[in-house]
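Input: a single structure, listed below in structure tokens.
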Amino acid sequence: MICRNCGNEMRPDARFCPHCGAVNGESPGAGVYAGPEAPISGGRKKKTGLVIGAAAATAAVIAVAAFVLLGGLFGSPKGQVEKALIKSAAAYAAAEKRLGLPDTGEWEQDRAVSQTMDLELKSVNGELVGYDLSALEGLGLGLSMDYSGADRWLAYGLRAFWGEEELLGLWVKADDDELYFNSPQITGQTCYGVNTETLGADLKAMDSEGAGELEDVSFNLFDLMDTVLDSMDEGKLEKTAEEANRALWEAVKVKKMGGRTLSINGTETKTDAYRVIIPQKDLEDYVSAMEELMSTADYLAVYEELMAYMGVPQEEIDDLVEELEELELYGELADALRELIRETGDLELEVCLSGGYISAVRYEDEIWNEDVELTVYLGGGEEYVDDLGIEIETEGVKVTVSSSGDHGLKNGVYTDETSIRFRQNGVNLARVTSELRYDPKSGDDNFQWGLDVNSSGLLLLSLKTEGCLLAEDRQISLSLEDITLGSMGTDICSLAFRWTVSGRAERTSIENPRLVTRMTEEELMEMVLDTQQNVLDWSNEMEQLFLSRLPAELLYDMMY
């Protein structure tokens, strides 16, 4: 119904208008009834009546004011959309929490993290190439990293292996001001390194050629990392972003349009549609605020400070900073966004609400003489977060993404079925389907995933795997011992993938550390000769290993 006082729309059962506060059914200009008149004179009882009347009137005014404010905030079209935004975000946050994944943000604060990853070939279909390739089973690559800011320790490792045989290992380790390199196959059991804080002075003392230009080089890797991390004030960045978001929302205009029935993954859903308009000028201001926000972390100043700390000559620093300034990465991105905003003008969206949640956001306009339609489905089904989708259509090409399942773990198990379809002028081009299942409360084999890529009725690629995903307080690990890859209905190979990340760094030892800048000329020459011999020995060993394991005809084809 329409308020007789201000003319705005209101619910038929509303006692007060949420816009002006008038009582439902009153004529224009009518005030709010506040109780009987208080007597203006008299004895003690009359004073008491005056106090009671004033208190009643005050309470009535406060109640009406609160009703108007709350009704204006959450009862108005704009308030309803804002309330739905908050409720929708809370639903997704709750679903994520039910997955039981640890808060990795704490690891960043503690500046401690450890990560390992292995990818291994388990089997390969030799019939596809006409050779027996079973000997290749066990080939793999491994990566590892440990970092502890508190202990000032860092270690990176890369290794290639073949079954139990380690083909090659490379390690870089930093222990406060000392940086070491080691490869068991190349440097043996010795770790060779330098002291980064005395690097320039050590090179000068060695009287190395060109050392005079580097005599001021001095840095500590962990001090550099602390400088970079400290330059990013997350609290300030978050506050600035919140202010920009709030300013943009205050400029938004919202109008209720009426009912709309949506089909979300095949389920009919009745919604209330709202027209949301974001003015062009405020969008441009928002982009400028984001550009300034990104510039708050002045990376150029950080780079300049780091290079000066490392002893790089100021002239070279100025040249590099000038080149970086010319790139204007943030400025170019912001300019591109502003150009797009000028092309589209005010951004008009249709926001559909159902059950107090945002069910969909729709956009339709012409951009650079091309019609563009975009719809994002944010929720539906038994649980709000269970059904999602995206539809994009332009120039006759339509991309449809639909995702359904138990995303909110209503039954205790996370499930998801996602399909991506590509069509052009109504003709199917390709389809990607994914099925995933994860049971957080189960141990072994609690994770399954399958992926298919189809085009013109042909199965171009298929992937199937199962394994174990474990999430603990400060650790996440994923072990997939059988990843099967196939095409056209034929298995190509199977792989194993193992990944672990945690908020605890493991410190390893540095065996036989030697600072090359403290070695004599004879020791340096001996190191070079030993390294050359180790490389030759390793090369011969690898040749013999491959000759002993691979078919001769395969090696011949690989070489010639």
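Readers should treat all values here as calculations from the given coordinates under stated rules, not as data from a laboratory. The model shown is predicted, which means the values in this text are computed figures rather than measured ones. FYI the Cβ positions are ideal-geometry reconstructions off the backbone, even for glycines, and counts take in every protein chain you see.
Here are a few things to note about the model shown:
- The stretch 243-272 and the stretch 452-475: distance between their alpha carbon centers, rounded to Å: 34 Å
- Distant-in-sequence amide contacts of residue 505, defined by a placed amide H-H separation under 5 Å and a gap of 5 or more residues or a different chain, comprise 113.
- By the Cα gyration tensor, the stretch 391-517 has an equivalent ellipsoid whose semi-axes, rounded to whole angstrom, run 38, 21, 17 from largest to smallest.
- Positive-end residue, the stretch 334-439 charge dipole about Cα centroid, Cβ charges, pick of 425, 412, 380: 412
- Listed pairs 173/464; 239/270; 256/281; 83/281; 78/281; 97/398 exceeding 29 Å between Cα atoms: 173/464; 239/270; 97/398
- Taking θ as phi - 60° and the Karplus parameters 6.51, -1.76 and 1.60, the scalar couplings of the stretch 77-87 work out to x, 5, x, 5, 5, 5, 4, 5, 4, 5, 5 Hz in sequence order, x denoting glycine and proline.
- Simple point charges give the picture: +1 on the Cβ of Lys and Arg, -1 on the Cβ of Asp and Glu, and for the stretch 494-536 a dipole about the Cα centre of about 520 debye.
- Take the Cα radius of gyration of the stretch 124-178 and divide it by 2.2 N^0.38 Å, N being the number of residues; the result is 1.74.
- Summing charges over neighbours of residue 542, with a neighbour being any other residue whose Cβ is under 12 Å away from its Cβ, gives -4 when K and R count +1 and D and E count -1.
- Averaged over residues, the count of other Cβ atoms within 10 Å places the peptides 395-403, 183-191, 515-523 in the sequence 183-191, 395-403, 515-523, highest first.
- Near the amide H of residue 515, within less than 5 Å, lie the amide hydrogens of 193, all on another chain or at least 5 residues away, with H placed in the peptide plane.
- Radius of gyration (Cα atoms) of the stretch 103-225, expressed as a multiple of 2.2 N^0.38 Å: 1.49.
- Each peptide in 536-546, 109-119, 349-359 was scored by the mean count of other Cβ atoms within 10 Å over its residues; highest first, the order is 349-359, 109-119, 536-546.
- Rg over Rh for the stretch 236-300 works out to 1.21, both radii taken from alpha-carbon positions and Rh defined as the Kirkwood radius.
- For the stretch 357-373, 3J(HN,Hα) computed residue by residue from phi via the Karplus equation (6.51, -1.76, 1.60; θ = phi - 60°) reads 10, 8, 8, 7, 10, 10, 9, 8, 6, 10, 10, 6, 6, 10, 6, 10, 10 Hz, glycine and proline entered as x.
- Around residue 176: net Lys/Arg minus Asp/Glu count, Cβ-Cβ under 14 Å: -4
- For peptides 497-505, 121-129, 98-106, sequence by mean Cβ density within 10 Å, most packed first: 497-505, 121-129, 98-106
- From phi via Karplus (6.51, -1.76, 1.60), per-residue ³J(HN,Hα) for the stretch 436-453 in Hz, x at Gly/Pro: 9, 9, 9, 10, x, 8, 9, x, 6, 6, 9, 10, 9, 8, x, 9, 10, 10
- Model label sites at residue 461 and residue 342, defined 7 Å from Cα along the beta-carbon direction, differ in position by 4.0 nm.
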